[in-house]
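The block underneath contains the structure these notes are about, expressed in structure tokens.
The values are calculated or read from the model by the stated rules, or taken from the named source; none is laboratory data. Only a predicted model underlies this, so the values are computations on that prediction, with no experimental measurement involved. Cβ placement follows ideal geometry from the backbone for every residue including glycine, while neighbour counts extend to all protein chains displayed. Accessible surface is based on the protein model in full, side chains and every heavy atom, while ligands, DNA and RNA are left aside. Shrake-Rupley method; radii C 1.70, N 1.55, O 1.52, S 1.80 Å.
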Amino acid sequence: VAIEEGQQKKYSVSAIIPKSDKAALKKINDAVEAAKALGKDSKWAGKLPAGLKLPLRDGDTERPEDEAYQDSMFINCHATTRPGVVDQGRNPILDQEEVASGDYGYLNISLYPYNAGGAKGVAAGFNHLMKTKTGERLSGRVSVDTAFEDVDLPSGGDASDLL
């Protein structure tokens, strides 16, 4: 979504990883360290800068009011090109409504060093997503089916008089 008219569209995901998922967190931390080593030579003149911004953050510290982030780490990933989005059978999911906040899955991301506009750090590029399970929406918005599950329509099927 472009924030302002004329801006380039961007795709993003905030991946929430339970602190108990040591294997996933190790993979991310290892990739962060590799990006830092690359950046040391290619972006930061041979040394790690003070105040380096890192992508893996603590939900308990940074989002204490949001229960979805409790006892979790999170990483925000971005892309300027549409990421591949598939189901468990690797079939493309083309309807954007099929994937929402709160869903579960796997991400393919790229971690890379940056030095732009005075900011230095490691960023996460959003490549692909495989949805494995529909979760409870974190936005609070419910599905159409849930929103109207208790509506009793009159027999005959015309509900225009109800509006």
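The string of couplings for the range 16-25 from the Karplus curve (6.51, -1.76, 1.60, θ = phi - 60°) is 9, 10, x, 4, 6, 7, 4, 5, 5, 5 Hz, one whole number per residue in order, with x for Gly and Pro.
In this structure the amide hydrogen of residue 93, modeled in the peptide plane, comes within under 5 Å of the amide hydrogens of 85, 86, 87, none closer than 5 places in sequence on its chain. Amide hydrogen proximity for residue 73: with H placed 1.01 Å from N in the peptide plane, the residues at 5 or more positions away or on another chain lying under 5 Å are 17, 19, 59. Which residue fluctuates most in the GNM of the chain (Cα springs below 10 Å): 16, 75, 93? Its mean-square fluctuation being the largest, the pick is 93. In the chain, the calculated helix contribution to ellipticity at 222 nm averages -5000 deg cm²/dmol per residue, counting -39,500 (n - 2.57) for every DSSP H run with n ≥ 4.
Working out 0.36 nm times the residue gap between residue 54 and residue 86, then minus their Cα-Cα distance, what length gain in nm do you get to one decimal? Show your work: numbers first, answer last.
Numbers: separation 32, 0.36 × 32 = 11.52 nm, distance 2.78 nm.
Net length gain for the segment: 8.7 nm.
So what is log10(I(q)/I(0)) for the range 15-123 at q = 0.13, 0.16, 0.23 1/Å, when the Debye sum runs over its Cα atoms only? Listed by q, the Debye log ratios stand at -0.61, -0.88, -1.28. Ligands, DNA and RNA are left out, and with a 1.4 angstrom probe the accessible area of the chain is 71 Å² per residue. Only loop residues by DSSP count here, and only those with at most 11 other Cβ atoms within 10 Å; note down the GluC sites (Glu not before Pro) in the range 1-91 that meet that. Passing both the DSSP loop test and the Cβ count: 4, 5, 65.
With θ taken as phi - 60° and the Karplus curve 6.51 cos²θ - 1.76 cosθ + 1.60 applied, the whole-hertz 3J(HN,Hα) list for the range 103-109 is 6, 10, x, 10, 10, 10, 10 Hz, x standing for glycine and proline.
Quick one: how many lysine pairs does the range 32-160 have with C-alpha atoms less than 12 Å apart and a gap of 8 or more or different chains? Give me the count, please. Don't jump to the answer; show the numbers that get you there.
Details: 36/47; 36/53; 36/120; 40/120; 43/120; 47/120; 53/120.
Close lysine pairs found across the range 32-160: 7.
Which shape class, rounded, prolate or oblate, goes with the range 1-50 when its Cα gyration tensor gives a ≥ b ≥ c as root eigenvalues, a/c under 1.5 marks rounded, and past that a/b bigger than b/c marks prolate? Verdict is oblate for the range 1-50.
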